[in-house]
Amino acid sequence: MSLYLEAATILESPQTTSLKAVIYNPSKPFKSPQPKLYALIVETLKFQDILKEVVENAGILKLERKLTPLLSILLTHDLLFTKSGIATSSGPLKDAVLRHKARLNAEFTRARLRRGHGDVKSLVEAVNAEHSRESEDGVTKTPTGLTTFNPRWIRVNALKTTLKESLSSQMFSAFQEVGGMSDMFFSEVVRKYYYPKAELLPDIFAIHPSHDVTSNELYKSGEIILQSASSCLPAIMLNPPKGSTVVDGCAAPGNKTTHLAALVGSNGKVFAVERDRRRAEILERMVAKAGAEKIVTTLKATDFTTITEGHTAWKASYLLLDPSCSGSGILQRVDWDISKLNLPSSNVAPSQPSKKKRKRDDSSQKCSVSQHGEQETQHVDEEVQDSDTSKERLQSLSDFQVAIILHAFSFPNAKRITYSTCSIHAEENEHVVARVLNSEIAKERGWGVQSREDNPLSTWHRRGLVGELSELQVSPKEQQRIADGCVRVSRTDGLGGGFFVVCFTRQVDGEDQLGEDIGTLGVALARGNQGPEGSKEDGDQEWNGFSDEESNEAAPTIDTADDGPQSGKRKRRKPSKDQQARTEKINKRFQKGRKGWS
Ligand SMILES: C[S@@+](CC[C@H](N)C(=O)[O-])C[C@H]1O[C@@H](n2cnc3c(N)ncnc32)[C@H](O)[C@@H]1O
């Protein structure tokens, strides 16, 4: 029985390094054969959703007091998915499961059929396909035989230290620079850092994923932040000048917020807006850890679309929008964080699976970052709603994302706005860009996409998909310019996951405003607004990177006619008839599709 008990012990221990590193740690040997232990944990994690459902519906936890939720799924995994069944000759735990073998099998058949799989082979193939994205050692073979690498990315927090200092610290001083990602993975000595295109990713470097960083002082003190390179792209692309004011419209857990804080520096200001109160608390902890409290003001439990005239954030010049998305670009490492495990509840009565209850469990599982403060930064990109990428859901997400951008377009002093997702779906990326550019407000205010050559990410090779911009009401040449302005990162690019980012700028008389160059419209808008950043923005630009529980909240409304909660006396310009009609249409869609969006 030690196999299951040892697997449970590993899963219950804090996740500070890779699963392989724990199991193969020579200083802490396990009784069970390591490959067996590893396979049991990985396979159980893979099938956790269906195992939870089977165990709950069979109601065995109510009947067998010796079984814990964790042991129940480990044992049930072997009973249902391995030829030899539970790997032990006898024992009270094995008996506790075998007593309900018939019931477990019946519930398994039901759960499988509910998922549309006629036989176990088809179910296993589907689950394997879903999880084949990445192996734990960071080297992935794609179905076409391409080898890709997924290192651990680290952003040096410029508010506390420098890249040079970090690399000469005790943790990294033994590391050597390597010229290519493959050197790091195939070298016999993995204790090397990889320092990629510095001109693209300043203050960011990658190391082999087997290194445990979370127990290191640099990490604990917030000097370095675990953040994928792709997640660092929006702040780099936005490129807010030192001393400027930025709004991070969808901020928690806050890696992009602290990255922005590092860029604007101590004379700058970042308003971090987060609608979900619990996630906002994580955000606050991240901000404190990064030493950015004086720069960042957290707007807790605040809907970005309620920030209107009269609110101090309304005067911001730069906005970073990273709203909820399908998360389809996220790489799945073997994540064995117990708090994220979909464990069965012991209170569920046999054969009466409550849909409502299951839904609640799902959302708490995907919001589990708060339970491990030290792990929060690792999960920054993992604000995944669920794996549902049906047309209806993508449409609903897209509507929400469009509404967020359209609201940002109405900020009177806004010069640049980045929009990003960790999704690989065009519905959430290029289609959103086309929709917002087709909008009245974009036309009225001269919003367009920043050209590739004007962008700090111009050297990145993978750009937007022009074929997905066909809805955009502009010439094919302009569609191509806009596609080139967008940045895409594929899951196989080694930057830590699939990603999309675009920068919107104001265009007046056909010219990009690029922030500092205020044209006719810019001047008109700037009149009467001596924003807090004022002339400081002209300074140099030197460099110093789960499902929410939103389904329980009220749907966001956009373009609210009334001022926001902290509004002053001034009233906002009355929206045009067209704007009102558009808003009503989008709000209706929200109400209709709200089940689906995050
Ligand atoms: C993808 S996550 C943001 C990740 C974050 N940018 C980072 O890098 O750490 C999206 C966040 O937006 C929040 N959100 C969704 N709709 C919002 C709204 N209307 N106003 C403010 N926050 C919102 C969600 O609660 C979620 O925390």
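Counting the residues of the stretch 289-308 that are more than 10 Å from the ligand (Cβ to nearest atom) and within 23 Å of residue 241 (Cβ to Cβ) gives 9. Can you tell me how many residues within the stretch 309-323 are buried (at least 23 other Cβ atoms within 10 Å of the Cβ) and of a type in the set (S, T, N, Q)? Qualifying residue count for the region: 1. In the stretch 246-268, of all residues being buried (at least 24 other Cβ atoms within 10 Å of the Cβ) and hydroxyl-bearing (Ser, Thr, Tyr), the one that is farthest from the ligand (Cβ to nearest atom) corresponds to 258. Could you say whether any residue in the stretch 269-288 is open to solvent by 10 Å² or more (accessible area, probe 1.4 Å) and either more than 16 Å from the ligand (Cβ to nearest atom) or under 22 Å from residue 487 (Cβ atoms) (or both)? Yes.
Restricting to the stretch 291-314, give me the number of residues that are under 18 Å from residue 407 (Cα atoms) and small (Gly, Ala, Ser). Outline the logic, then answer.
Let us first name the residues in the stretch 291-314 that are under 18 Å from residue 407 (Cα atoms), namely 299, 301-314.
Narrowing the set further to residues that are small (Gly, Ala, Ser) leaves 301, 310, 313.
Going through the stretch 291-314 one residue at a time, the tally reaches 3.
For residue 81, state whether it is closer than 30 Å to residue 152 by Cα and either modelled with pLDDT of 85 or more or not assigned by TED's automatic domain parsing to the domain that holds residue 210 (or both).
On the way: closer than 30 Å to residue 152 by Cα: no; either modelled with pLDDT of 85 or more or not assigned by TED's automatic domain parsing to the domain that holds residue 210 (or both): yes.
So residue 81 does not fit the description; no.
Here the stretch 456-495 is the region considered, the condition is being within 16 Å of residue 237 (Cβ to Cβ) and among the small types (Gly, Ala, Ser), and the residue that is most open to solvent (accessible area, probe 1.4 Å) is 458. For the stretch 41-55, does any single residue satisfy the condition of being closer than 21 Å to residue 81 by Cβ, modelled with pLDDT of 85 or more, assigned to a loop (DSSP other than H, G, I, E, B) and touching a helix residue (DSSP H, G or I) at 6+ places or on another chain (Cβ under 7 Å)? Scanning the stretch 41-55, I find at least one residue that is closer than 21 Å to residue 81 by Cβ, modelled with pLDDT of 85 or more, assigned to a loop (DSSP other than H, G, I, E, B) and touching a helix residue (DSSP H, G or I) at 6+ places or on another chain (Cβ under 7 Å), so the answer is yes.
The values are calculated or read from the model by the stated rules, or taken from the named source; none is laboratory data. Source: prediction; values computed, not measured. A quick note on method: Cβ atoms are made from the backbone with ideal geometry, for glycine too, and the neighbour counts reach across all protein chains shown. Keep in mind that these areas ignore ligands, DNA and RNA; they rest on the heavy atoms of the full protein, side chains included. Shrake-Rupley method; radii C 1.70, N 1.55, O 1.52, S 1.80 Å.
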